[in-house]
Amino acid sequence: MFFDLALVYDRETRRCDLALGDDGDLLIDDTSITAVLLSVGLDRRAEPDDELPQGRTEFLTPSGFNERRGWAGDAIDQAGERVGSRLWLLDRAKETETTRLLFEHWLRECLAWAERDTGQSADIEVSWIRPQTLGWRVLVADAAVSGTKAVG
């Protein structure tokens, strides 16, 4: 069972915000939707060998600490787990099957917690829905979340 502060996604502004009840109190979400939104929407720290969208790598040009993004709390997680996804690394990717497969792989990576927490892995669908735009749909514990990602 999930118990998170509820997030509401606004498609127009493409942002999440905490949900408030009629009485002004924060709402609790007992579905997986908030967990999925955080997993997909937050930027996971890039691996040392990941090519950054700016074309810089640790090998060729040392990058600054913040260029690799990620949450500072990952450094103190005793289990070594990381928060968020590496989908941001595809900001300048080409419209190829390799890009689609990498997007799907990174969705699976950021949603690995689903199998541990629910006993079932996330059901993920990714496809090109228009030029330079990937559409995705995730189903975790009977809760579906979908979105799009511009690349290129």
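The values are calculated or read from the model by the stated rules, or taken from the named source; none is laboratory data. All values derive from a computational prediction rather than experimental measurement. Positions of Cβ are backbone-derived with ideal geometry, glycine not excepted, and every protein chain shown enters the neighbour counts. With ligands, DNA and RNA removed, areas are computed over all heavy atoms of the protein, side chains included. Shrake-Rupley method; radii C 1.70, N 1.55, O 1.52, S 1.80 Å.
Could you list all residues from the stretch 131-146 that are closer than 16 Å to L90 by Cα and either surrounded by fewer than 16 Cβ atoms within 10 Å (Cβ to Cβ) or modelled with pLDDT under 90 (or both)? Give the steps one after another, and end with the answer.
As a first pass, look at the stretch 131-146 and keep what is closer than 16 Å to L90 by Cα: 131-136.
Of everything in the stretch 131-146, those that are closer than 16 Å to L90 by Cα and either surrounded by fewer than 16 Cβ atoms within 10 Å (Cβ to Cβ) or modelled with pLDDT under 90 (or both) turn out to be P131, Q132, T133, G135.
How about the stretch 1-21: which of its residues are assigned to a strand (DSSP E or B) and not hydroxyl-bearing (S, T, Y)? Please lay out each step first, then the result.
Filtering the stretch 1-21 for residues assigned to a strand (DSSP E or B) gives 4-5, 7-10, 15-18, 20.
Passing the criteria: D4, L5, L7, V8, D10, R15, C16, D17, L18, L20.
Could you figure out which of (1) without any contact (Cβ under 8 Å) to a residue 40 or more places away in the chain; (2) out of contact with any helix residue (DSSP H, G or I) (no Cβ under 8 Å at 6 or more places or on another chain); (3) not β-branched (V, I, T) isn't true of W128?
(2)
Among the residues of the stretch 70-96, what is the count of those that are open to solvent by 80 Å² or more (accessible area, probe 1.4 Å) and modelled with pLDDT of 85 or more?
Final tally of qualifying residues: 4.
Which of the following residues is touching a residue at least 24 places away in the same chain (Cβ under 8 Å), outside any loop (DSSP other than H, G, I, E, B), hydrophobic (A, V, I, L, M, F, W, C) and more than 19 Å from A35 (Cα to Cα): L107, L89, L102? Before the answer, list the steps.
Working: L107 fails: more than 19 Å from A35 (Cα to Cα); L102 fails: touching a residue at least 24 places away in the same chain (Cβ under 8 Å).
It is L89.
Which pairs have Cβ atoms under 7 Å, sit 6 or more apart or on different chains, and link a residue in the stretch 34-55 that is in contact (Cβ under 8 Å) with a residue 40 or more places away in the chain and assigned to a helix (DSSP H, G or I) to one that is among the acidic types (D, E) and open to solvent by less than 60 Å² (accessible area, probe 1.4 Å)?
That search, which allows pairs on different chains as well, returns A35/D4.
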